[in-house]
Structure formats: structure tokens, C-alpha cells
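Step one of this worksheet: look at the structure below.
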Amino acid sequence: MSTAVILAGGLSLRMGFDKKELLIDNESLLENQIKTLSTQFDHILIISNKGKRKYTEYPKVTVYQDILKNYGPLGGIHAALKYSQDPFVYVIACDMPVINHKYIDYLRSLLNNQDAVVTRFGDWIEPFHAYYNQSMVDTIERYLKSGRRSIYELLKHQDVTYIEEDITRSYTSDWGLFHNINTKEDLNQNNII
């Protein structure tokens, strides 16, 4: 079994409306992600603190809320790991329009017993389009309760398989896989409208 997680709990302040409802070809970005991920995953968890839509038309989807509130993406990852029935979860954000099945397969092929499989960009990391291990739940919880919330800083002290930039660019040469939509200008730059 396999689980993908879509983090959809952001405030969308820069966009001015809820990004997960952004329409692309008469379909919300979130619905497009659900359909795309459904071809590769058995379960899809949506972590959202807005509304309680059930997505009954998508039987693989379950919606949950953060367990620890107001901790940003790491709080969403924490909730996803708590609710998942699988040892690893694949995590993306609801404002990332590009999903690459071959890259997911590549990341999946690297799963062992490590805490995460994450892409590195220079000295920085890309926390989405990444796998996280359920074994990290308690570590993340302690980290968040200590007042910290940086995924980058947390992973510095974990057993992480990092995918280097040159390998990742063989799957996404323009780094488009990691582009997200934060503003209306981003819509134009990504040729979405």
C-alpha cells in the first residue's frame, strides 16, 4: 500500500483566495492533483484546516486536520504521518501544479529505513515532492512543541537520503516540479492562466 499527502492548510494570503480552489481547465488544482496521484497511490490524505469537504467522488481520499495547530507545513507532515496507515508518505503542497510520476518512482526506489528522502538544491532542501517516514512522528512532535518549525533544521539531525540537484534535473530540467503558486503573477509565469 502507498500513501500520498496533499498539504492544503495554508492561508493563501498572497493569492487573495484559497489556492486549492484555483481552477485550471475548469478543474480545481486540488482535484487535478487527486486524479494524478490516484494513478500511483492507494490512499490520498488531504491535510486541511479549512472546511470538511469529504471528496466522496474520490474514494481514495480522506481529509484530516492538523493535530498540532498553527505550525505550518511541518505540522501538516506530522498529522499526515499520524493518520497514515503506511510507513512512508509522499508529501506535496496543494499549490504545486506539476507532478512527475517517474520522479516519484525514483524516490520510492530509494526507500529503506531512513527518516526521509528529500531533494537538495545547493545547500538548501525542497521539503515537498519528498517521502517522510512514520517513525519521525515523535521527533517532529517534540520539535514542534519546543517552538521550532523549520523542516530544514529538523532534517539536519535525521537520517535523510538527499537527492542531489543534478539527478533531480534529469527529471525536471527547469525545476518546474518544485514551483508553487503563491501569487497571481505566479499563475502567469507558470502559464496557468
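The values are calculated or read from the model by the stated rules, or taken from the named source; none is laboratory data. As the structure is a prediction and not an experimental result, all values here were calculated from the model. Reconstructed Cβ throughout: ideal geometry from the backbone, glycine too, with neighbour counts over all protein chains shown.
Looking at V98, V91, V137 in this structure, which one is assigned to a strand (DSSP E or B), touching a residue at least 40 places away in the same chain (Cβ under 8 Å), buried (at least 17 other Cβ atoms within 10 Å of the Cβ) and of a type in the set (V, I, T)?
Numbers: V98 fails: assigned to a strand (DSSP E or B); V137 fails: assigned to a strand (DSSP E or B).
One residue alone meets the criteria, V91.
Got a number for residues in the range 23-39 being at pLDDT 80 or above and either among the charged types (D, E, K, R) or more than 15 Å from the chain's Cα centre (by Cα) (or both)?
Here the count works out to 4.
Since A130 meets every condition but one in (1) exposed (fewer than 13 other Cβ atoms within 10 Å of the Cβ); (2) within 23 Å of L37 (Cα to Cα); (3) small (G, A, S), which condition does it not meet?
Looking at each condition in turn, A130 falls short on (1).
From the list K82, K52, K69, exactly one residue is closer than 29 Å to Y143 by Cα, of a type in the set (K, R) and modelled with pLDDT of 95 or more. Which is it? Before you say what the answer is, go through the steps one by one.
Working: K52 fails: modelled with pLDDT of 95 or more; K69 fails: modelled with pLDDT of 95 or more.
Testing whether each residue is closer than 29 Å to Y143 by Cα, of a type in the set (K, R) and modelled with pLDDT of 95 or more leaves just K82.
Do any residues in the range 25-47 that are more than 16 Å from S84 (Cβ to Cβ) have Cβ atoms under 8 Å from those of residues that are small (G, A, S) and surrounded by 17 or more Cβ atoms within 10 Å (Cβ to Cβ), where the two are at least six apart or on different chains, and which pairs are they?
As it stands, the answer is L30/A8, since those pairs meet every condition given.
So if I check each of S109, S150, S146, which one is exposed (fewer than 14 other Cβ atoms within 10 Å of the Cβ), touching a residue at least 60 places away in the same chain (Cβ under 8 Å) and not hydrophobic (A, V, I, L, M, F, W, C)?
Only one candidate passes the filter, namely S150.
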